[in-house]
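Here is the structure we will look at.
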Amino acid sequence: MKKKKLTKKDRLLRRQSIQRILDERDELVRNVKILPTPEFLDKFDVEEKQTEKAGERRMYVTNQLWIDTYYKKGIIDYSQHLTAQKLLSLFRRAGRHQKVTMTFTKEPIQKGVERGLNLDEGAFSDYNKLRSLMGKNSFSICQDVVCFNLSAKEWAEKNRRNVKASAELFRISLDDLADAFKELKL
């Protein structure tokens, strides 16, 4: 038996019914609210904020790092993520993230004691060696994204670089960082 050839009108009706089904599906998907899992809530702090639309609220993660986001989206791979975490731990051990406060009271200086500062001189010197091994631009993007939690796009805007190539520059600089760690033997 031969198949009946569809008329123009039948094809139009089919197309309209398929479009109606797709529109209904899209409407259902828009109305579904996806909540974070308990495991996610254990790991990150989530904050709900009011939007400009009346009655609509959005959830924001307040303590997630950009390197975690880039790894989750597949922009960087696992080895690059580990390298970034290694730099972050070195940065924190060196005490570079701490703010120094001081008073102008006269106190005797105690030699050999840090008196409240949690600095690791070895980590600080390794951090500076990494900076010199990698070069200014390559270390700059790693430092801003990993240590100071800027996005690669924000780094590119700050340094007047191509915003579209910022993720690729970050990947390349993480590879440079891994090579520098190998040379430093950490």
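The values are calculated or read from the model by the stated rules, or taken from the named source; none is laboratory data. All values derive from a computational prediction rather than experimental measurement. Methodologically, a virtual Cβ is constructed for each residue, glycine included, from the backbone with ideal geometry; neighbour enumeration extends over all protein chains shown.
Values as computed for the structure displayed
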quantity	calculated
Only listed residue being in a helix (DSSP H, G or I) and under 28 Å from THR62 (Cα atoms), chosen from SER132, SER125, SER173	SER173
Within the range 44-78, tally of residues that are among the hydroxyl-bearing types (Ser, Thr, Tyr) and either part of a loop (DSSP other than H, G, I, E, B) or in contact with a helix residue (DSSP H, G or I) (Cβ under 7 Å, 6 or more places away or on another chain) (or both)	3
Unique match (being closer than 30 Å to GLU168 by Cα, surrounded by fewer than 13 Cβ atoms within 10 Å (Cβ to Cβ) and at pLDDT 80 or above) among LYS49, LYS72, LYS86, LYS8	LYS72
Unmet criterion (only one of (1) farther than 30 Å from ALA178 by Cβ; (2) in contact (Cβ under 8 Å) with a residue 40 or more places away in the chain) for LEU28	(2)
First in the range 67-81 and of a type in the set (A, V, I, L, M, F, W, C), second anywhere and in a loop (DSSP other than H, G, I, E, B), Cβ under 8 Å, 6 or more apart	ILE67/ILE76
Selection within the range 141-162 - buried (at least 17 other Cβ atoms within 10 Å of the Cβ) and either assigned to a helix (DSSP H, G or I) or at pLDDT below 90 (or both)	ILE141, CYS142, GLN143, ASP144, VAL145, VAL146, CYS147, ALA152, TRP155, ALA156
Selection count, the range 31-43, where residues are in a helix (DSSP H, G or I) and under 30 Å from LEU65 (Cβ atoms)	6
The range 115-165, residues that are without any contact (Cβ under 8 Å) to a residue 60 or more places away in the chain, under 22 Å from PHE181 (Cβ atoms) and within 14 Å of the chain's Cα centre (by Cα)	ILE141, CYS142, GLN143, ASP144, PHE148, TRP155
